[in-house]
1. Counting only protein heavy atoms, probe 1.4 Å: which residues of segment A:300-319 lose 50 Å² or more of accessible surface in the full assembly compared with their chain by itself?
2. Measure off, as a whole percent, the carbon and sulfur share of the 1.4 Å-probe accessible area of segment A:271-385, all protein chains present.
3. Only counting protein heavy atoms at a 1.4 Å probe, give the residues of segment B:221-248, ordered by number, whose accessible area falls by 50 Å² or more when the other protein chains are present relative to the chain alone.
4. For chains B and A, what's the summed buried accessible area, probe 1.4 Å, to the nearest 100 square angstrom?
5. How high is the FRET efficiency between B:Val84 and A:Arg160 when r is their beta carbon distance and R₀ equals 60 Å, given to the nearest 0.05?
6. Between B:Arg37 and B:Arg228, what FRET efficiency follows from the Cβ-Cβ distance if R0 is 30 Å, with the result rounded to 0.05?
7. Could you work out how far the C-alpha centroid of segment A:230-257 sits from that of segment A:286-315, in angstrom?
8. Roughly speaking, to the nearest percent, how much of segment A:160-202's 1.4 Å accessible area is carbon and sulfur?
Amino acid sequence: MFDGLKDKLSSFRSSVEETADKKAEEAADQENAAAESAQDPARDEPDSAETAVDPSSGAAAATTTEDTDESVAASASAEDTVETDEDDGPSAFKRAAAFATGKIIIEEEDLEDPLWELEMALLESDVEMSVAEEILETIREKMIGETRKQVDTTGELVERALHDALLDVIQVGQFDFDERIAAADKPVTIIFTGVNGVGKTTSIAKLSEYLADRGYSVVLANGDTYRAGANEQIQKHAENLDRKLISHEQGGDPAAVLYDGVKYAESNDIDVVLGDTAGRLHTSDDLMAQLEKIGRVVDPDMTLFVDEAVAGQDAVQRAKKFNEAAEIDGAILTKADADSSGGAAISIAYVTGKPILFLGVGQGYDDLERFDPELLVDRLLGETE
Amino acid sequence: MVLDDLGSSLRGTLDDLRGKSRIDEEDIDEVVKQIQRSLLQADVDVGLVMNLSENIKQRALEEEPAAGTTARDQVLKVVYEEMVDLVGDSTELPLEPQTIMLAGLQGSGKTTTAAKMAWWFSKKGLRPAVIQTDTFRPGAYDQAKQMCERAEVDFYGDPDGSDPVQIARDGLEATADADVHIVDTAGRHALEDDLIDEIEQIEDAVSPDISLLVLDAAIGQGAKQQAREFDESIGIGGVVITKLDGTAKGGGALTAVNETDSSIAFLGTGETVQDIERFEPNGFISRLLGMGDLKQLSERVERAMAETQAEDEDWDPESIMEGSFTLKDMQKQMEAMNKMGPLDQVMDMIPGLGGGIMDQLPDNAMDVTQDRMRRFEVIMDSMTDDELEEPQSIGAAQIERIARGSGTDEETVRELLSQHKMMDRTLSQFSGMGDGDMQRMMKKLQKGGGGGGGLGGMGPFGD
């Protein structure tokens with residue numbers, strides 16, 4: 001997952017580096033040129049044209065040359081236009097000071113193009129638009145006006161900003177799933193919600209295997225009394241994994257099935273109840289109301305929202321709606337095989353404030369991975385293999 | 001619907017251009033930025049969005065508007081043409097014997113789509129059969145079988161089989177009597193080589209006339225790669241977008257269409273087998289730009305009326321055309337309305353009501369009207385048959401009784417009666433039409449006859 005984004009992030013880093021290096025060079029050139037132009041007013045024209053393009057070196061030139069000759073007028077006017085363009089940029093004084101001590105300052109317009117590229121890269125990775133904007137905002141805040149010593153690499157600065165910005169949106173309310181299961185009173189009831197076809201039932205089968213591996217006994221309850229073939233599907237999984245399944249006839253009351261599941265677990269000393277629900281679109285008011293009812297009747301210990309890593313911008317809409325109808329504790333992202341862009345993970349965590357807990361990464365029962373935001377961000381920003 | 005937001009945000013931006021005779025680059029940039037935003041939020045591929053917006057910008061700036069055209073109309077025209085160009089025509093599906101294969105990711109809705117398409121073909125007078133070759137997903141066989149029972153179409157599958165290619169071959173033989181064979185396949189990721197090998201073998205076995213890619217409306221930027229890979233292995237002739245009844249915009253479908261150089265065949269808009277629409281590019285674009293979609297509307301009206309009539313043999317909508325419109329007719333029409341789907345969907349298809357006006361209505365306007373319709377229904381349930389047939393005869397005492405019986409108040413009952421009277425008057429204007437051709441009636445409406453009272457059942461939400 002996230003392979004495309006990883007490449008784009010590293011190209012973002014190098015283009016900011018490039019900009020900064022160019023700027024450092026120009027600043028150095030400018031210093032020489034300005035010093036010369038003080039003696040040689042005829043050389044002023046091309047230089048001031050350059051200062052108009054590069055604001056910080058313009059400002060630096062203005063301060064170093066002082067009010068001695070004509071070149072000042074040109075440089076100063078170039079600076080004026082720059083200053084009106086960005087009011088909250090670093091002051092001429094700060095820039096001069098930075099320049100004098102051999103540092104340069106990263107300014108908004110240095111980042112404009114790379115940030116635009118980055119935004120497109122995030123969107124291409126299915127990060128939802130408002131979330132992408134949030135990430136950019138964080139990077140902007142962290143980088144603009146930052147001084148860097150010329151001995152530091154700009155790369156480090158960018159990397160830190162990217163790291164923080166990404167972690168900010170992905171790492172929300174993370175908790176240790178295993179610990180919470182271990183600490184909870186048994187039976188622990190977990191309900192799975194989500195739209196049609198995202199892989200709820202398969203995730204339940206996988207999670208039951210995950211829990212069994214950790215020594216818990218598990219019962220499945222099929223609250224999907226609606227979809228054709230739903231009972232047969234989960235029945236087959238239960239047989240394959242040798243799990244007990246509680247189910248009713250198609251068309252029955254889902255809350256009742258899940259309730260029976262809990263009762264069964266209580267009287268048979270089962271540790272965990274995994275309750276499936278019918279996939280539903282978040283626009284279906286009746287079905288969303290049903291979900292609320294399930295929440296009330298069963299009062300689950302945990303509600304997990306399942307969505308697919310291939311989902312696009314809409315992922316946040318539905319995550320929000322499901323969270324409203326039956327508050328979720330975390331999410332499972334399915335179909336997160338190597339090539340999916342995975343922006344949905346970032347977006348869902350950010351808008352719900354609930355962590356992504358697991359990734360479904362294949363068709364086998366073992367293909368369920370714990371989701372670790374730190375690890376992901378490190379991997380995203382790590383060296384490209 | 002696909003790209004709904006593009007419609008409203010575009011209209012907003014374009015409204016800012018109103019009154020300008022010339023537009024400069026800055027105006028265009030603003031419009032283009034809006035378009036980019038909307039398309040990106042609709043999950044259209046980033047590269048495609050950039051191309052499209054570049055084209056729009058260039059043409060809007062370079063092309064001279066025709067004499068008498070405002071700048072706004074010029075931009076609108078460019079956007080319209082570029083969109084039409086991108087969306088293309090609806091996939092050609094001749095109404096004749098053929099074999100269609102479905103492919104797509106897990107959970108995109110292939111099995112449901114297979115049953116829906118079969119239902120659609122059966123309504124067109126052909127005999128379809130669905131062949132289920134998914135041997136991997138537990139429950140796939142049962143789901144397909146049950147869906148096909150609901151669609152009342154032939155079905156072949158083998159719950160114990162393990163070789164999809166063999167099942168496909170056997171299926172074609174077993175359903176040789178059918179005209180249209182729809183071959184459903186297991187969901188697969190386009191990058192899993194062994195699964196792609198498998199679908200290529202199925203393709204060899206059934207040699208489909210066309211293969212359709214089934215895409216979830218919510219699919220993101222991954223649509224491009226999926227479409228390309230599937231196209232390379234089996235050749236994609238058309239795209240079906242499913243789950244359009246959610247909030248996803250289905251922009252992935254535009255990407256897929258562009259990538260495979262194909263077109264959109266069907267739209268899936270709900271969970272029952274009837275919830276399928278043939279994609280209509282004109283209607284789609286018109287709806288997008290707020291011009292309504294008459295054809296879809298009249299089809300829905302006809303279907304709903306036919307269903308309502310089938311339930312109650314005594315009722316004959318033709319009599320309305322002859323100028324007698326009773327409360328019973330109104331009741332039936334409201335039933336038919338309910339069958340047509342959510343009010344806001346229907347409204348969006350009505351010329352002059354869709355698009356721009358819909359944007360201006362408060363969010364709960366539709367709920368309010370629907371509530372009111374429901375109240376009217378309850379009131380009519382409390383009336384006797386005679387009262388329904390002869391609403392003119394209802395007096396004050398009866399109103400009081402009806403109000404009490406229906407748990408409403410007298411005012412609401414009177415409201416219903418005056419609504420009926422207004423609709424009756426409006427409808428008598430149409431009575432000359434005779435043959436009850438809904439489409440003609442709609443056209444007449446469009447020309448300006450309708451307004452508040454409007455067509456029969458639509459009256460209740462007029463004001």
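The values are calculated or read from the model by the stated rules, or taken from the named source; none is laboratory data. Just so it is clear, the model here is predicted, and its values are computed rather than measured. A quick note on method: Cβ atoms are made from the backbone with ideal geometry, for glycine too, and the neighbour counts reach across all protein chains shown. What goes into the accessible areas is simple: the full protein's heavy atoms, side chains included, and nothing from ligands, DNA or RNA. Shrake-Rupley method; radii C 1.70, N 1.55, O 1.52, S 1.80 Å.
1. A:Val310, A:Gln313, A:Asp314
2. Working: 1750 of 4000 Å².
About 44 percent, which is the carbon plus sulfur part of the accessible surface.
3. For segment B:221-248, once contacts with the other chains are taken into account, B:Gln221, B:Lys243, B:Thr247 lose 50 Å² or more.
4. Details: alone 21030 and 17560 Å², together 35560 Å².
For chain B against chain A, roughly 3000 Å² becomes buried.
5. Values: r = 48 Å, r/R0 = 0.80.
For B:Val84 and A:Arg160, the calculated efficiency is 0.80.
6. Numbers: r = 25 Å, r/R0 = 0.85.
Using R0 = 30 Å, I get an efficiency of 0.75.
7. 18 Å
8. Details: 690 of 1550 Å².
Ligands and nucleic acids excluded, carbon and sulfur give 45 percent.
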